[in-house]
Structures are given as structure tokens and as C-alpha cells.
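Here the structure is laid out as C-alpha cells; the discussion comes afterwards.
The values are calculated or read from the model by the stated rules, or taken from the named source; none is laboratory data. Since the model is a prediction, treat every value here as computed from it, not as a measurement. Please note: Cβ atoms are built from the backbone with ideal geometry, for glycine as well, and neighbour counts cover all protein chains shown. Accessible surface areas use protein heavy atoms only, side chains included; no ligands, DNA or RNA. Shrake-Rupley method; radii C 1.70, N 1.55, O 1.52, S 1.80 Å.
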Amino acid sequence: MGPARYDISGVKTFLSHRYYEGTVSFLPAERNLGTPRDKMQDAPNVQQPKLFECQDTWTVIRGKFLAINAASMSCACPRSPKGLSPSAHLADGTTDLILVRKCSRLDFLRHLLRHTNKDDQFDHSFVEVYRVKQFRFTPRYQECDSEVDLRESGATGKRFLSQICREHRACGCMPSQSNWNCDGEILPHTAIQVRVCQLVEAVVEMLRSFEHKIVSSQH
């Protein structure tokens, strides 16, 4: 089938309009590393001291998502000149986490089409993007009911009943599971944790400095 298989798979996925329900938790990156909404990849001056503002508090988001993407580089290509996340950079030790919440097919198509032009693909009410150091996803059927939910509901037997519902579904079928696609490689796990690692920080900084000089010379 050749390269056409990617187009066929994309159309099939779009038409299925399948969403993924669960919890996304992430550790935000330091503020001086910018945000995914930055207009361009601005390489910092490596001679400046690194004054990181430490953020060790995890952010938790629960919901239904049509897509959960992570990009450590722009991922630009002929069909998407700006890429999946235009300001993402390999050298900063972060990844841009893109959450597309459940929406209509038309809205999702509008989001996808913006990757083909210069419009901001993140400028939708159902799209959220964060620059993170690590993140994890837990599907709904693997979650435990939180103590907060139990206290607010006032139902002491909720945990027991909800576990029965998850393990013994009325239809007699098991919950459908999905896989993660990591740069073309299929990961056979629904729950996943991702961490960005910089193995050779000195080389990375040197490359960013070289890139910054090239950009400056072009201006």
C-alpha cells in the first residue's frame, strides 16, 4: 500500500471519532523555558546563569480526549510547515503536551486543518497545551475513586459498587484498550508515564548556541 497507508489510517481514525477517558498528570517545566504558545524557537544565551524556578507540583486534568500528543521538537513536514508544536525544541529538556478534548468532528477537523497553514492550531476552546518535564496518563477503567469524590457524594459504598461495575460490565464485554504510538512504534500499554531526559547537556547547549548565532545572522 506504500505511503498511502498513513492517509487511510488517518481518515479511519478521524471518522471513528474515538475518545479516551482518563486522567492526565504532568509536571510543568520551569517558566524561563517559555511556553508552547511562543511565536518562535528562541534559544537562550548559554553564558547566562541558569536561574530555574522550581515547580515540583503535579497538575492533574481529568476528562475525555480525542487526542493526547507530546512533541519534543516541532515535527514540521511538507504537510504541516509549522509542525505539531512550532516552538518545541530538542535542547531544553521538555516536551509540549497537547490535549484535544472531546469535541465535534467539525471542530476537530478545523483543528487539524490549522496545521496546514499559519493559523494558531492551539487557538480553540477544546485544545490545551503545556510545556512539561514529564507526564502520565491513566485510563478511566484503571483509576481508583478519589477520597474527595467519596466525601462529596456521601456514599460509603461507592468505591465497592464502582469497582464491581468496572470489573463486571452489564454488556459482558471488557473495556476497549488503546495503544500509544511513539514515533511509529506501537507501545502495548494504555497507562503510560513519559519523562524527558538530557543525557549530554553540554553538547545540547553548544548546539543551541550555534543555532542562535545562525538565526541572528539571518536577521
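Inside region 110-127, can you point out the residues that are of a type in the set (Val, Ile, Thr) and open to solvent by less than 60 Å² (accessible area, probe 1.4 Å)?
127
Which of the residues that make up region 9-25 are of a type outside the set (S, T, N, Q) and either closer than 20 Å to residue 74 by Cα or open to solvent by 60 Å² or more (accessible area, probe 1.4 Å) (or both)?
Passing the criteria: 10, 11, 12, 15, 18, 19, 20, 21.
Filter region 99-112 for residues that are of a type outside the set (Phe, Trp, Tyr) and farther than 18 Å from residue 71 by Cα; which is nearest to the chain's Cα centre (by Cα)?
Filtering first and then ranking leaves 102.
Which pairs turn up if I take residues in region 185-211 that are within 21 Å of residue 28 (Cα to Cα) and open to solvent by 90 Å² or more (accessible area, probe 1.4 Å) and look for partners that are modelled with pLDDT of 70 or more and of a type outside the set (S, T, N, Q) with beta carbon separation below 7 Å, at least 6 apart in sequence or on another chain?
Filtered contacts from region 185-211: 193/136.
What tally of residues in region 83-109 results from selecting those that are in contact with a Cys (Cβ under 9 Å, 6 or more places away or on another chain), surrounded by 21 or more Cβ atoms within 10 Å (Cβ to Cβ) and aliphatic (A, V, I, L, M)?
So the answer is 1.
Residues being over 16 Å from the mean Cα position of the chain (by Cα) and charged (D, E, K, R): count how many of those fall in region 113-128.
Counting residues in region 113-128 that are over 16 Å from the mean Cα position of the chain (by Cα) and charged (D, E, K, R) gives 4.
Answer yes if at least one residue in region 187-203 is modelled with pLDDT of 80 or more, assigned to a strand (DSSP E or B) and hydroxyl-bearing (Ser, Thr, Tyr), and no otherwise.
no
Among all residue pairs at least 6 apart or on different chains, which show Cβ distances below 6 Å where the first residue, located in region 55-76, is more than 22 Å from residue 182 (Cβ to Cβ) and the second is open to solvent by 40 Å² or more (accessible area, probe 1.4 Å)?
So the pair list comes out as 63/101; 64/19; 64/21; 64/102.
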